[in-house]
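The values are calculated or read from the model by the stated rules, or taken from the named source; none is laboratory data. This is a predicted model, so every value here is computed, not measured. So basically every Cβ, Gly included, is an ideal-geometry build from the backbone, and we count neighbours across all protein chains shown. Areas reflect the complete protein model, heavy atoms only, side chains present, ligands, DNA and RNA absent. Shrake-Rupley method; radii C 1.70, N 1.55, O 1.52, S 1.80 Å.
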Amino acid sequence: MKKLDQLNFENSFACLPQTFHSRLNPTPLPDPYLVSFNADAARLIDLDHNEAANTDFAEHFTGNRLLPGSDPLAMLYAGHQFGHFVPQLGDGRAILLGEVKNRAGDGWEIQLKGAGATPYSRSGDGRAVLRSSIREYLCSEAMHGLGIPTTRALCIVGSDQEVYRESIESAAVVARMAPSHVRFGSFEVFYYRNQHEPIVQLADYVIARHFPRLAGVPDKYPRFLKEVVARTARLMAKWQAVGFSHGVMNTDNMSILGLTFDYGPFGFMDSYDPAYVCNHSDHEGRYAYDQQPHIGLWNLACLAQALTPIISLGDANAALERYESVFSAHYLELMRDKLGLASVHADDEALVGGLLEIMHANQVDYTQLFRSLGHFNSAPSADNATLRDQFIDRAAFDAWAETYRARLQMEQSVDAERKWRMDRVNPKYILRNYLAQVAIRKAEESRDFSEVERLLKLLKRSFDEQPEMESYAALPPDWARHIEVSCSS
Ligand code: AMP
Ligand code: MG
């Protein structure tokens, strides 16, 4: 394990021509202090977890002191924001320190989000607030715990420097990690500038580093797009199956690697509602929960268009056409797993749809219902009262349960064995807004980060029963029913 000053930086993105980025150093933050450190992420870059105890650790992860070997820069990109093209965005407050190569040969980029203004900041202050930093940190690790592809988070460092949002808040920096921070918008920016050479360079760069199987093949660009389509479709299926809403699915927030990327006003659904909009500023519900699969495709179409200088229209369309089937197949597979079905049957889609329909009509909690469905007793005499009582319309549940029972019988499902499988796909614990809110309040009011720590530990094991943490599986308390989360962060 390595000391901070021994990290093996490689910085491949910095080696790309100047058109792709702006080199600059982070802007110092006064009196930084460590809010939380994630030893699991440290392991990915071979970093000795004892380093977090060093007094200069926080200095390094605000960017006040530069890590030896790093080559800081802000990445250029464009993006479609809420359907409208913005020709130039770029990292307005995130600074890429570089890429650390670990012993296994994997590269992990480290980006400091909130590390100060850049040439792409427009009117922004280049800062992030403690509140949003805690949300990003916890949710990315929670998603990882759920088995959903995501950027990771190494630590949060705070400072008492004031940041002006709707109210005055304090600044913080999250150290975000990903194999690559390239987004759909990283390609779009050059397409709209009519600069085709950088599109070739960026595609070759991404393929060489992240899709090496394609590097030598003659139709590498169409196959690259196909791969991004498939990864995005599968990611959307995973979000839908777990009840996650991203909130700001702009093309600048879409990872070229199919990772959940840029956590802003995200939310996990409480009661099942297809029209759930987690972003208070999204008045039209463009990024509502049930729109996500469609928006995933819409965003891919923007990417495909940006790639047309190197891919024929026919190939672009052929790649996009695969989206629907990859999404649907994976979604159905995940929902079958959530129902504990071990075989495939033509009526399964209707079975899933039927359950979601009565959950919606009865405002049943998405996470709790699926978790408790593991207890379903398939004996004809069983009344399944704890499940049934989650529905106001008991008869609707009974009717669905009858179909489910028959379906389980068809594959001779064994209750105990099925429950074991279901508990591995239906989380007991998710990052409900109110849980994050309690941790944020403690951190803001009294610099007490114990709740951040507790949630981090809890959510790494979302599928495990943790009896001492039972209350964290509860529905939101009344005060939390109307927490509003907006883009402001
Ligand atoms: P987001 O909605 O967080 O994905 O941000 C959209 C764009 O606005 C990105 O280019 C960000 O870098 C930029 N941005 C967001 N907040 C700030 C800020 N406080 N200062 C500078 N740029 C920002
Ligand atoms: Mg963004």
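Looking across the stretch 61-77, the residues that are away from ligand 2 (no atom under 12 Å from the Cβ) and open to solvent by less than 20 Å² (accessible area, probe 1.4 Å) come down to PHE61, THR62, GLY63, LEU67, PRO72, LEU73, ALA74, LEU76.
Within the stretch 108-129, the residues that satisfy the criterion of being more than 13 Å from THR62 (Cβ to Cβ), touching a residue at least 24 places away in the same chain (Cβ under 8 Å) and not in a strand (DSSP E or B) are ALA117, THR118, PRO119, TYR120, SER121, ARG122, GLY124, ASP125. In the stretch 130-155, the qualifying residues are those that are more than 16 Å from ligand 1 (Cβ to nearest atom) and not in a helix (DSSP H, G or I), and the one that is nearest to MET75 (Cα to Cα) is ARG152.
When the stretch 47-85 is limited to residues that are within 16 Å of ligand 1 (Cβ to nearest atom) and among the polar types (S, T, N, Q), the one that is farthest from ASN25 (Cα to Cα) turns out to be GLN81.
Rundown of residues vs (1) surrounded by 14 or more Cβ atoms within 10 Å (Cβ to Cβ); (2) at pLDDT below 95, yes/no style:
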{"position": "PHE190", "(1), (2)": "yes, no"}
{"position": "ASN194", "(1), (2)": "no, no"}
{"position": "GLU197", "(1), (2)": "no, no"}
{"position": "ALA203", "(1), (2)": "yes, no"}
{"position": "PRO212", "(1), (2)": "no, no"}
{"position": "PRO218", "(1), (2)": "no, yes"}
{"position": "PRO222", "(1), (2)": "yes, no"}
{"position": "LEU225", "(1), (2)": "yes, no"}
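Among the residues of the stretch 262-281, which ones are surrounded by fewer than 23 Cβ atoms within 10 Å (Cβ to Cβ) and within 15 Å of ligand 2 (Cβ to nearest atom)? Hits for the stretch 262-281 are GLY264, SER281.
Taking every residue in the stretch 460-489 that is within 16 Å of ligand 2 (Cβ to nearest atom) and pairing it with any residue that is open to solvent by 80 Å² or more (accessible area, probe 1.4 Å), at least 6 positions away or on another chain, the pairs with Cβ-Cβ distances below 8 Å are VAL485/HIS280; SER486/HIS280; SER488/GLU166. Checking each residue in the stretch 396-449 for being among the aliphatic types (A, V, I, L, M), open to solvent by less than 70 Å² (accessible area, probe 1.4 Å) and more than 22 Å from ALA473 (Cα to Cα) picks out ALA396, ALA399, ALA401, ALA406, LEU408. Restricting VAL277, VAL326 to residues that are out of contact with any strand residue (DSSP E or B) (no Cβ under 6 Å at 6 or more places or on another chain), outside any helix (DSSP H, G or I) and modelled with pLDDT of 95 or more narrows the list to VAL277.
Taking the listed residues LEU356, LEU300, the one that is surrounded by fewer than 22 Cβ atoms within 10 Å (Cβ to Cβ) and hydrophobic (A, V, I, L, M, F, W, C) is LEU356, with no other qualifying. Taken as a whole, the structure places LEU112 among residues that are open to solvent by less than 10 Å² (accessible area, probe 1.4 Å) and either in the same structural domain as GLN195 (by TED's automatic domain parsing) or away from ligand 1 (no atom under 11 Å from the Cβ) (or both).
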